[in-house]
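Where a number appears in this text, it was derived from the coordinates with a stated rule and is not lab data. Predicted model only: the values in this text are computed from it and were never measured. Glycine gets a Cβ as well: all are built from the backbone with ideal geometry, and neighbour counts include every protein chain shown.
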Amino acid sequence: MNAFARDLKPALPDAVDAECALLGAIMLNADAYWRVAGFLKGQHFKEDVHRLIYETMGTLISSGRSANPVTLNPYMPAGLMIGDITITAYLARLAAGAINVINAYDYARAIIEMWSRHQIIARMEDVIEMARSMPADMTPERIIGHAAGELTRIAQEGNERAGSTKYGVVLPAAVDKAAKDSDNSASRIPWFLPEIGQALGDIRRGNLIGLMSDSGGGKTSFSLQQCRFVAGRGFKSAFFSIEVTEEEAALQAAAQHSKISLGRIDNFTLNSKEKADLEAEMMASTDLPFYIVGFGECTLSDIRIKAEAMVKSHGLDLIVIDHAKMITLPNPKDMFAERINALYRGLKALAKTLNVAIVILIQRNDDWKNRWRSGSSIRPVMGDAYGGGSIKQSLDVWFSLYRPEPLYRELIPTMPPERARDGEKTKREVMIEKLEMSRGKAWVINHKRRRGEPGQSPEIRFDGEFTMFSSSSDEMPPAFEGF
């Protein structure tokens with residue numbers, strides 16, 4: 001008896017009454033359909049017959065026709081019985097039972113919330129079953145990651161589709177928040193150099209920021225310097241390292257702040273001053289809210305699980321992920337463009353949900369080499385990004401860290417020998433001159449900025465010995481725009 005009782009599951013709640021009320025309201029007035037069509041889909045109905053009626057109504061109303069028992073009946077399955085009455089009689093009962101159309105939104109909201117509850121229950125049952133009989137190629141972390149992804153999808157379907165606020169309600173709250181934030185220095189996260197802030201604006205929580213650079217262009221160095229800088233000002237930052245180990249990242253950050261050559265730290269050939277500076281940084285690091293998280297094989301779910309856990313335990317303000325190309329793309333059966341866009345959309349949703357700023361490092365592809373061979377500039381453009389220019393739609397801010405010096409070093413040895421006319425320089429000699437002019441220089445090129453004009457490209461300095469960036473007081477020479 002007890003065993004039998006344990007196998008019994010309590011009946012699930014439903015919103016069948018709300019389904020009937022909404023369908024009747026739409027039959028009374030087609031305007032009720034347009035109030036809910038933007039978020040309520042046929043799949044959200046519990047009863048199959050209600051799903052069929054709602055979808056048929058949508059087809060008729062969208063084509064300019066009325067949706068009532070008479071017009072709907074020819075599109076219902078012949079001989080369909082609802083309990084002990086025919087579908088014809090059932091349609092008439094729905095119309096007769098309708099009260100008004102005023103509450104159509106509330107009916108639809110009840111339907112989609114009940115759908116969400118059923119989905120959550122089903123997903124949790126799947127998790128329990130998978131945990132009971134976990135296959136060898138599965139891990140608890142992956143089970144949790146899959147469940148988190150499904151629950152996020154349900155939440156977005158149930159809340160973001162249906163949730164809405166009138167402009168007159170949102171605007172006063174938004175203005176009040178902007179006024180408060182203007183007097184609160186802790187509301188926005190600064191960049192570590194003023195030139196960057198002028199071009200990109202302050203870092204805002206909930207934003208996804210793309211930082212694109214060439215391999216070896218300094219994006220990891222730039223990111224570590226940013227994380228260390230904001231941590232020193234009380235903001236909690238995390239560096240998610242997929243490419244380099246936690247120890248390598250920590251040593252590089254220490255080399256930057258202590259201004260000690262990373263090679264000397266690696267070999268530990270330090271003089272007494274350098275040892276003292278490194279020890280001072282080690283002492284300071286114990287109180288810094290700066291976290292370095294190493295990843296091996298990494299998926300979007302792995303990042304989400306770690307980010308959610310750290311936000312709950314530490315309350316992060318900024319997360320930097322190094323880098324997008326190292327993350328295993330979701331949905332392996334889809335086309336590459338769809339998969340890469342799904343990755344960036346997922347990161348954007350994560351930033352918004354956790355209310356943290358996320359900086360995703362983006363590897364620049366080699367398309368610039370083909371442009372250079374055809375006589376064009378090697379300067380970064382949006383199409384050079386891993387995933388192409390279409391990723392722009394998911395990014396709130398997108399900029400390139402452009403260091404032409406290593407690019408010229410790569411190109412010069414590949415240039416074929418040539419003869420120059422009297423008084424003229426060869427292409428190789430011109431390239432060498434550009435290399436000399438670009439030594440120790442970098443540019444922050446703003447491709448997109450939601451709050452402000454893109455296109456700015458302030459110059460900053462790069463010190464290769466300490467792999468760190470610094471401010472430049474010099475104005476950018478016009479000729480350098482061609483780099």
For the cross-link pairs LYS273/LYS441; LYS219/LYS425; LYS425/LYS448; LYS273/LYS434, which exceed 30 Å when the distance is taken from alpha carbon to alpha carbon?
LYS219/LYS425; LYS425/LYS448; LYS273/LYS434
Here the percent of antiparallel bridges among DSSP beta bridges lying wholly in the chain, to the nearest 5, is 40 percent
Determine the dipole magnitude for the stretch 204-292: charges of +1 sit on the beta-carbon of Lys and Arg, -1 on that of Asp and Glu, nothing else is charged, the reference point is the Cα centre, and the result goes in debye to the nearest 20.
480 debye
Tell me which trypsin sites (Lys or Arg not before Pro) from the stretch 258-292 have a DSSP coil assignment and no more than 15 other beta carbons within 10 Å of their own.
LYS259
Cβ-Cβ cut-off under 9 Å around ILE111, Lys and Arg +1, Asp and Glu -1: the net charge is 0
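What order, most packed first, do the peptides 392-401, 99-108, 136-145, 341-350 have when packing is the mean number of other Cβ atoms within 10 Å of each residue?
Result, highest mean first: 392-401, 341-350, 99-108, 136-145.
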Please report how far the C-alpha centroid of the stretch 73-140 lies from that of the stretch 260-322, rounded to the nearest whole angstrom.
49 Å
Of GLY149, PRO380, PRO190, which is farthest along the charge dipole of the chain in the positive direction, counting Lys and Arg as +1 and Asp and Glu as -1 at C-beta?
PRO380
Sequence neighbours fewer than 8 away in the same chain don't count; with that in mind, list the aspartates and glutamates whose C-alpha is under 15 Å from LYS312.
none
Using the Karplus equation 6.51 cos²θ - 1.76 cosθ + 1.60 (θ = phi - 60°), what ³J(HN,Hα) coupling, rounded to whole Hz, does each residue of the stretch 48-58 give in order, writing x for Gly and Pro?
4, 5, 5, 4, 4, 4, 4, 5, 5, 4, x
Using θ = phi - 60° and the Karplus relation 6.51 cos²θ - 1.76 cosθ + 1.60, list the HN-Hα couplings for the stretch 295-300 in order, rounded to whole Hz, with x at every Gly or Pro.
10, x, 5, 9, 10, 4
Tell me the GluC sites (Glu not before Pro) within the stretch 262-328 that lie in a loop according to DSSP and have at most 11 other beta-carbon atoms within 10 Å.
GLU297
Pulled fully out, how much extra length does the chain show between ALA309 and GLU247, if you take 0.36 nm times their separation in residues and subtract their Cα-Cα distance?
20.1 nm
Let me spell out the model: positive unit charges on the Cβ of Lys and Arg, negative unit charges on the Cβ of Asp and Glu, origin at the Cα centre of the stretch 8-160. What dipole size does that give, in debye rounded to 20?
240 debye
Quick check on the chain: helices-only [θ] at 222 nm, where DSSP H runs of length 4 and up contribute -39,500 (n - 2.57) each and the sum goes over total residues. Nearest 500, please.
-15000 deg cm²/dmol
Only one of the listed values, (i) 56, 28, 22; (ii) 46, 27, 23; (iii) 37, 24, 24, was derived from the coordinates as semi-axes √(5λ) of the Cα gyration tensor in Å; which label is it?
(i)
Gap in Å between the Cα centre of the stretch 35-64 and the Cα centre of the stretch 334-349?
29 Å
In the neighborhood of GLU418, defined by Cβ-to-Cβ distances under 15 Å, what is the net charge if each Lys or Arg adds +1 and each Asp or Glu adds -1?
+3
Cα to Cα, under 18 Å, and not fewer than 8 places away if on the same chain: which aspartates and glutamates meet these conditions relative to LYS306?
GLU141, GLU150, GLU243, GLU246, GLU297, ASP317, ASP322
Any residue on another chain or 5+ positions along whose placed amide H is under 5 Å from the amide H of ASN68 is listed here as none
Compare the Cα positions of ALA276, TRP443, LEU347 along the charge dipole of the chain (+1 at Cβ of Lys, Arg; -1 at Cβ of Asp, Glu; about the Cα centre) and return the one farthest towards the positive end.
TRP443
Could you give me the ³J(HN,Hα) list for the stretch 328-344, computed from phi with Karplus coefficients 6.51, -1.76, 1.60 and θ = phi - 60°, whole Hz, x at Gly and Pro?
5, 6, x, 6, x, 7, 7, 5, 4, 4, 5, 5, 5, 5, 5, 4, 5
Can you find, among PRO77, MET415, ILE209, the residue sitting farthest towards the positive end of the charge dipole of the chain, where Lys and Arg contribute +1 and Asp and Glu -1 at Cβ?
PRO77
Using 0.36 nm per residue of separation minus the Cα-Cα distance, give me the extension gain between SER390 and GLU55 in nm, one decimal.
117.3 nm
In debye, nearest 20: dipole of the chain around its Cα centre with unit charges on the Cβ of K, R (+) and D, E (-)?
800 debye
So, counting K/R as plus one and D/E as minus one, what does the shell of residues with Cβ under 13 Å around LYS236 add up to?
+2
In nm, to one decimal, how far is the modelled label at ILE128 from the one at ARG93, with both set 7 Å along Cα→Cβ?
3.4 nm
